[in-house]
Amino acid sequence: MKIVTLRPDQFTKFASTHKYRNYYQTTAYGNTMIKFGYNVHYLGIVNENNKLIGASLILYKEVFMSNKIAYAPRGILCDYEDRKLLKEIIDKIKKVLGKQGFMMLRIDPYIPESIRDNKGNIINMNQQATAIIKNLKRVGFSYKGKNKFFETEKPRWEALVLLNKDSNEIYESFDKRVRTKIKRAASSGLEVIRDEKRDIESLYDMIKKKQSNPLNFYKYLMKNYQDNIEIYYARINTSTFTINSRRMFEQEQETNAQLAEMIQRPYLEPKERSNYLNKKMESDKLLETYKNNLVLATELLKTHPDGIKVAGAMTITFDNAAYVFIDGIKDKYSSLNANYLVKWFMIDDYNKRGFKYINLNAIAGEFEDKHQFSGLNESKLGFNTTVTEYIGEFDIILNSFSYNLYKNFKKGK
């Protein structure tokens, strides 16, 4: 067995058919990261018959006295179940990379550990996951563990919508609160489009607060992934928004007044009165929302008579599936639930186009207790998503002396 350098086309040929293939292990991703300070190496693993049995895109930077740290995003693409073979592979990689000044290698293989429902209940376990984790530990990797939040380079938990039914059936499977938000967003005057012009600047305005990547990062993604990048937008038709906001406000005023009158009736049973009171409180909240929407709509009709984009998402299509790479909404318009309408439009669109599933991206792996990412989870799990839990992240030290010096240097800064 030996470790070789692959040409990009050789790597693509192998990676595109591997069972752990993913859009990070592509030359498109490598070409993007080159523009942002990373070096890229396409590593191949060849057996004694000169057959390619493994490969990986390796990203790396010099970080300390010409020493480097390497990262194989969602890699390495190889057989993790054969412990003897894995040990031989890792021993060879350690030897080769160690001689080239690498201190550490990080991997987070694209291997599911479990498939769960949107309540976190296990549907299916990968029977090989435990053995794979043990194998990686035995060959020298340290394991970051079964983290529930975002402590690693890539998320360990992702939410997918399976596109295996009629769109109406998929819609009816959503949580009632999600369907309500979608209906309210659509009825308020929001429209969603797949943007053929791929206006990345408008989307960047919606995401830049939560992303460290510059605008050029997304431009290079678009250049390198080409037609596999798509952008969706929710746009307010300000004329329709104004008309609908006034109608909804006036209808809720009428409902609110009726509920107020019902509460005052002297012959109501306590339970019945309590029921009307709860409805009145809910109506009060809606009335305030619709009032604010009407004020906003009136303002927007003056300032943006031709409409305004308020939410959007970028997707990468790969291997007959769609992946939400980034999405966002303008804070000022968050009450309109435009992000829910965008998700539904994408789900419906990709379903009609014959895709296997749409990956809504990261969630937290805590499904019961409240936490800082509860809102993120709610915005995705309510779409009756299927959750994939990956095995996680692993590091292996290639040069202990240099790496310990580097750690001590960082502590002293």
task: Six or more apart or on different chains, Cβ under 6 Å: which pairs go from a residue in the stretch 10-39 that's closer than 27 Å to I358 by Cβ and open to solvent by less than 30 Å² (accessible area, probe 1.4 Å) to one that's polar (S, T, N, Q) and part of a loop (DSSP other than H, G, I, E, B)? Could you list them?
output: A15/Q25
- prompt: Taking the stretch 132-166, which residues are surrounded by 15 or more Cβ atoms within 10 Å (Cβ to Cβ) and of a type in the set (G, A, S)?
  reply: G140, A159
Qualifying residue in the stretch 356-371 (condition: touching a residue at least 40 places away in the same chain (Cβ under 8 Å) and on the phi > 0 side of the Ramachandran plot): yes
- request: Count, please, the residues in the stretch 113-142 that happen to be under 19 Å from the mean Cα position of the chain (by Cα) and outside any loop (DSSP other than H, G, I, E, B).
  value: 4
query: Does K84 fit the bill of being open to solvent by 50 Å² or more (accessible area, probe 1.4 Å), among the charged types (D, E, K, R) and assigned to a loop (DSSP other than H, G, I, E, B)?
result: no
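Going by the conditions given, is D205 among the charged types (D, E, K, R) and touching a strand residue (DSSP E or B) at 6+ places or on another chain (Cβ under 8 Å)?
The answer is no for D205.
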query: Filter the stretch 320-349 for residues that are closer than 12 Å to S379 by Cβ and among the hydroxyl-bearing types (S, T, Y); which is surrounded by the fewest Cβ atoms within 10 Å (Cβ to Cβ)?
result: S334
statement: Among (1) part of a helix (DSSP H, G or I); (2) crowded, with 18+ Cβ neighbours inside 10 Å; (3) β-branched (V, I, T), V192 falls short only on (1)
field: Selection from the stretch 309-319 of residues that are within 13 Å of L336 (Cβ to Cβ) and open to solvent by less than 20 Å² (accessible area, probe 1.4 Å)
entry: V310, A311
message: Against the conditions (1) without any contact (Cβ under 8 Å) to a residue 12 or more places away in the chain; (2) of a type in the set (S, T, Y); (3) in a helix (DSSP H, G or I), where does S212 fall short? Just the number, please.
response: (3)
message: Which residue is least open to solvent (accessible area, probe 1.4 Å), if the candidates are limited to the stretch 95-112 and must be more than 19 Å from K144 (Cβ to Cβ) and either in a helix (DSSP H, G or I) or acidic (D, E) (or both)?
response: L97
message: Pairs needed: first member in the stretch 255-279, without any contact (Cβ under 8 Å) to a residue 60 or more places away in the chain; second member anywhere, among the β-branched types (V, I, T) and part of a helix (DSSP H, G or I); C-beta distance under 8 Å; at least 6 residues apart or different chains.
response: R273/I263; Y276/I263; L277/I263
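Quickly run through the stretch 26-72 and pick out the residues that are outside any strand (DSSP E or B) and under 18 Å from M103 (Cβ atoms). It would help to see each step written out before you state the result.
Of the stretch 26-72, the ones outside any strand (DSSP E or B) are 26-38, 47-51, 65-66.
Matches in the stretch 26-72: G37, Y38, M65, S66.
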statement: Taking the stretch 236-275 and keeping only residues that are among the hydrophobic types (A, V, I, L, M, F, W, C), within 21 Å of V192 (Cα to Cα) and open to solvent by less than 80 Å² (accessible area, probe 1.4 Å), one is left with I236, F241, M248
Conditions (1) buried (at least 19 other Cβ atoms within 10 Å of the Cβ); (2) hydrophobic (A, V, I, L, M, F, W, C); (3) outside any loop (DSSP other than H, G, I, E, B); number of the one not met by F174: (3)
- prompt: Which numbered condition trips up E169, out of (1) outside any loop (DSSP other than H, G, I, E, B); (2) charged (D, E, K, R); (3) touching a strand residue (DSSP E or B) at 6+ places or on another chain (Cβ under 7 Å)?
  reply: (3)
field: Elements of type strands (runs of 3 or more DSSP E) in the stretch 300-413, at least 2 residues being polar (S, T, N, Q) and modelled with pLDDT of 95 or more
entry: 308-318, 357-362, 386-390
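The values are calculated or read from the model by the stated rules, or taken from the named source; none is laboratory data. Treat the numbers as computed from the prediction; the structure is a model and nothing was measured. Every residue, glycine among them, receives a Cβ derived from its backbone with ideal geometry; neighbour counts consider all protein chains shown. These accessible areas exclude ligands, DNA and RNA; they are computed on the full protein's heavy atoms, side chains included. Shrake-Rupley method; radii C 1.70, N 1.55, O 1.52, S 1.80 Å.
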